[in-house]
Amino acid sequence: MTKRVVHYVNQFFAGQGGEESAHLEPVTVEGALGPGLQLQTLLGDEAQVVATVWCGDNHFAENLESTRREVLRRIASFEPDLVIAGPAFNAGRYGMACGEVCRSVTEELNIPALTGLYPENPGVEIYSRDIYIVPVADSARGMKVALQTMGALAAKLLNGELQGTAEEEGYLSRGRRKNFFFAENGAVRAVEMALAKFHGQPFKTEFEMPVFDRVPPAPALKDLKGATIALVNSGGVVPMGNPDRIEVSSASHFGRYSLESLEDLTAQAFESVHGGYDRTYVNDDPDRVVPLDALRALEKEGVFGRLYEYYFSTVGTGTPVKNCSRFGTEIAGQLKADGVDAVILTST
Amino acid sequence: MRLELRRAVVEGLVFGPATGLDGGLLTVDADEALRCLEGISLTKMRLEIARPGESVRIIPVKDVIEPRCKVEGPGEVFPGFIGDVETVGEGATLVLDGAAVVTCAPVVGFQEGFIDMCGPGADYTPFSKTKNLVLIAEPEEGLEKHAYEGALRMAGLRLAHYLAKACASVAPDRTETYELPPLAGRNSDLPRFVYIYMLQSQGLLHDTYLYGVDVKKILPTLIHPNEVLDGAVASGNCVSACDKNTTYHHLNNPVIAELYRRHGVDLDFLGVIVTNENVVLVDKKRSSSYTAKLASMIGADMAIVTEEGYGNPDTDLVMNCAKLERRGIRTVLVTDEAAGADGASQGLADAVSEATAVVSAGNVNAIVVVPPMDRVLGWPESIATLSGGNESSLRPDGSIETEIQAIIGSTNELGFSAIGSRWV
């Protein structure tokens, strides 16, 4: 069965003029138009460009939400299998419109969408994690190559055949890592890469170093006397039975547990569910990871004001940094709201 | 130092009245094999066989060991555990190529893993391709966890040695010679390579042994690659299944194999520096500085650095990298990534800008669903507490949905397998 494609372009590529027509509202045209004619040739009998929706760039940019919805409505009415937008090259407003259309189609119509943008087009940074963006030249002089690459990716998406890496398939990475099996094992690849590095020949690292969000520690408290102190740990100490079902590794959430009227974490009432270390010692005495006994003693001595009435716990092992960042933000938010002045973080 | 590996190929594995290898068929006398484990603090010991392609799951797996024994030269394989502590790596060693001993016990919470002999899970582990003699055992009552780990480690090494020893008189199918001249007097024009062999030593059951010495207590040290081929490095650790180096991986270290293969062709293989991955910063600083100094002393131009485990040892990895690079020794690192099930998280816990050449051994968090198997050896419910699994991993029909980190060797950071992560 012939697949159905809807194409989105701006006023210029719809043949309606340049800046003077950039205020025009969305228009639907049956069949292919402008660059869509060449796309139709490239797609052949497999797919048909059933309609083209175009809109003025300024109108889209200035009425973003309403225009987005209107364009989406027009596209949805054709029940397409795929949506192609652009290519928009290095055009800022047009690039944003293409990104917005593709993201809406992907998320709300749940069908694949792709566009073509110059890698430095601001739309790339905003939309590349959500949609397929084919890297194209910075101006319409690169139209022929752009349409060829976009057409090839479109054909694969229509057939559900996307098996390779972003680079092999011809789109900009959506920021996700995927496992592949290669011809050579990792050791062979490592020695090959090392020889290239030694000889100053080009080589491609398989993993670019992540950039870390380094957080400078907050200044020390001047006076502990009135301070409220909280306990937070990634050592997996939870009430016996793990009521929140925190995973033994790759935790998806954290727990908050009351310390009210407790002087000590006993082995009968608390345990660690952490899957990354031998829990013999912590399960013998959970205070080894959540030092409640020591803090209660210091609290009585008046060394600090009071211990916060809850402690937070999660499992650190194998847990993606993205989850950890979310846990940190949420825990810090709750502590801040409850007027906690300092936190003792313990791991394992 | 010159070592011959005499490989006798094992095509089949069966139980029978007498242990021996004949025409590629390895026969095991189970009663006699179990007798070599006398004195070890394990109970309910039994042996099973798992062959490639069979509908068998082994869970939870502690270690995998290739059967080897010395047939000529000083010492015995697995020094410090089998025989004495004589320096190994010379003479000749028999290898039962294609066979493996797999130890399986309810070591819950120790980060063990599983092996599927067929289906999609089999693609992720090298031990779906070996003919496996599986030891299933339980600890003696009241056995403390560290003693339990030690007992299981010893049982695996003894069984592997026993199998090879029983076949010591067979003619090998092929012989490989491994020889490097002394460092002094080498006048090769080729780039000088050193291998930095990071071993898991975080403690609390994350230990590795060199000649029987717990490596968290060593300063980094220079060894000959042949020593590794003779089992000088043995796994005693319970780190995540995906990137723990089993003793089998150590014996068949792929970086050593590749550096030997290219030695004298396009590189000059100097040797191996064994270092550790201790948990405290002062140890990390000391070991990484000492490692870089040793590499510099022997005149290395290039270093291949392999990690074991993820998270905490990522710091050791990048400290080694930075200190080697600052001494002018260029590096390539092999590591896996914990990028989340959707692959969208950053994959390392630490990073340095000097790490410009990295080989990815895959994303440990990728999800796989493995179908039920006709035969399950061990304790399938343990998937709930294995790293990568959770309480809902084991489905009522016996299939398992888990991260690949629960599969033995799935993202091995010696670069043993062909897996790797890329951007999509």
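Taking the numbered list (1) buried (at least 24 other Cβ atoms within 10 Å of the Cβ); (2) facing chain A (nearest Cβ under 7 Å) in turn, B:Ala303 passes all entries but (2).
Quick grid of which residues meet (1) modelled with pLDDT under 95; (2) assigned to a strand (DSSP E or B):
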{"position": "A:Val6", "(1), (2)": "no, yes"}
{"position": "A:Glu20", "(1), (2)": "yes, no"}
{"position": "A:Val29", "(1), (2)": "no, yes"}
{"position": "A:Arg74", "(1), (2)": "no, no"}
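None of A:Arg296, A:Arg326 is within 13 Å of chain B (Cβ to nearest Cβ) and part of a helix (DSSP H, G or I) except A:Arg326.
The criterion of at least 3 residues that are in contact with a Gly (Cβ under 8 Å, 6 or more places away or on another chain), under 15 Å from A:Asn10 (Cα atoms) and open to solvent by less than 50 Å² (accessible area, probe 1.4 Å) is met, among helices (runs of 4 or more DSSP H) falling completely within region A:83-174, by A:92-104.
Of all residues in region A:176-201, those that are outside any loop (DSSP other than H, G, I, E, B) have Cβ atoms under 9 Å from Cβ atoms of residues that are open to solvent by 40 Å² or more (accessible area, probe 1.4 Å) and β-branched (Val, Ile, Thr), 6 or more apart or on another chain, in A:Lys197/B:Thr356.
Looking only at residues in region B:324-344 that are touching an Asp or Glu at 6+ places or on another chain (Cβ under 6 Å) and of a type outside the set (Val, Ile, Thr), the one that is most open to solvent (accessible area, probe 1.4 Å) is B:Glu325.
Between A:Pro217, A:Pro210, the distinction of being open to solvent by 30 Å² or more (accessible area, probe 1.4 Å) and either at pLDDT below 95 or more than 12 Å from chain B (Cβ to nearest Cβ) (or both) belongs to A:Pro217 only. Among the candidates B:Asn245, B:Asn252, B:Asn278, the residue that is out of contact with any Lys or Arg (no Cβ under 6 Å at 6 or more places or on another chain), surrounded by fewer than 24 Cβ atoms within 10 Å (Cβ to Cβ), in contact (Cβ under 8 Å) with a residue 12 or more places away in the chain and polar (S, T, N, Q) is uniquely B:Asn252. Restricting attention to region B:381-403, the residues being more than 10 Å from chain A (Cβ to nearest Cβ) and in a helix (DSSP H, G or I) number 3. If you go through region A:202-243 and pick out every residue that is closer than 30 Å to B:Gly420 by Cβ, among the β-branched types (Val, Ile, Thr) and touching a residue at least 12 places away in the same chain (Cβ under 8 Å), you end up with 1.
Among the residues of this structure, B:Pro380 counts as one that is modelled with pLDDT under 95 and surrounded by fewer than 24 Cβ atoms within 10 Å (Cβ to Cβ). Applying a threshold of 8 Å to beta carbon distances and a minimum spacing of six or more residues, or different chains, the list of pairs starting in region B:171-182 at a residue that is at pLDDT 95 or above and ending at one that is in a strand (DSSP E or B) and open to solvent by 80 Å² or more (accessible area, probe 1.4 Å) reads B:Thr177/B:Arg2; B:Tyr178/B:Arg2; B:Glu179/B:Arg2. Return yes or no: is A:Gly186 away from every other protein chain (no Cβ under 14 Å) and either surrounded by fewer than 17 Cβ atoms within 10 Å (Cβ to Cβ) or over 27 Å from the mean Cα position of the chain (by Cα) (or both)? No: the conditions fail for A:Gly186.
Here is a check on your reading of the model: is B:Leu348 assigned to a loop (DSSP other than H, G, I, E, B) and either open to solvent by 30 Å² or more (accessible area, probe 1.4 Å) or modelled with pLDDT under 95 (or both)? Here the answer is yes, as B:Leu348 does meet what is asked. On the stretch given as region B:63-120, residues that are under 20 Å from the mean Cα position of the chain (by Cα) and acidic (Asp, Glu) total 6.
Kindly indicate whether any position in region A:54-76 is open to solvent by less than 40 Å² (accessible area, probe 1.4 Å) and closer than 19 Å to B:Val424 by Cβ. No, because not a single residue in region A:54-76 is open to solvent by less than 40 Å² (accessible area, probe 1.4 Å) and closer than 19 Å to B:Val424 by Cβ.
Any residue at all in region B:284-298 that's open to solvent by 10 Å² or more (accessible area, probe 1.4 Å), of a type in the set (A, V, I, L, M, F, W, C) and facing chain A (nearest Cβ under 10 Å)? Scanning region B:284-298, I find no residue that is open to solvent by 10 Å² or more (accessible area, probe 1.4 Å), of a type in the set (A, V, I, L, M, F, W, C) and facing chain A (nearest Cβ under 10 Å), so the answer is no.
From the list A:Leu162, A:Leu157, A:Leu172, the lone residue that is more than 7 Å from chain B (Cβ to nearest Cβ), touching a residue at least 60 places away in the same chain (Cβ under 8 Å) and closer than 24 Å to A:Gln38 by Cα is A:Leu157. Residue count for region A:243-274, restricted to those that are among the polar types (S, T, N, Q), open to solvent by 10 Å² or more (accessible area, probe 1.4 Å) and assigned to a loop (DSSP other than H, G, I, E, B): 5.
Every listed requirement among (1) on the phi > 0 side of the Ramachandran plot; (2) assigned by TED's automatic domain parsing to the domain that holds A:Glu299 is met by A:Gly275 save one, (1).
Any residue that is in contact with a Ser or Thr (Cβ under 9 Å, 6 or more places away or on another chain), within 12 Å of chain B (Cβ to nearest Cβ) and open to solvent by 20 Å² or more (accessible area, probe 1.4 Å) - is there at least one of those in region A:299-316?
yes
Pairs meeting the criteria (first residue in region B:66-82 and assigned to a strand (DSSP E or B), second residue hydroxyl-bearing (Ser, Thr, Tyr), beta carbons under 6 Å, at least 6 apart or on different chains) are B:Arg68/B:Thr93; B:Lys70/B:Thr93.
Residue count for region A:332-347, restricted to those that are over 29 Å from the mean Cα position of the chain (by Cα) and not aliphatic (A, V, I, L, M): 3. Of all residues in region B:96-136, those satisfying the criterion of being in contact with a Pro (Cβ under 8 Å, 6 or more places away or on another chain), within 19 Å of B:Gly398 (Cβ to Cβ) and buried (at least 24 other Cβ atoms within 10 Å of the Cβ) are B:Cys104, B:Glu112, B:Gly113, B:Phe114, B:Met117, B:Ser128.
The values are calculated or read from the model by the stated rules, or taken from the named source; none is laboratory data. Here the structure is a predicted model, which is why all the values come from computation and not from measurement. When we count neighbours, we look across all protein chains shown, and the Cβ atoms used for this are built from the backbone with ideal geometry, even at glycine. All accessible areas refer to the heavy atoms of the entire protein, side chains included, with ligands and DNA or RNA removed. Shrake-Rupley method; radii C 1.70, N 1.55, O 1.52, S 1.80 Å.
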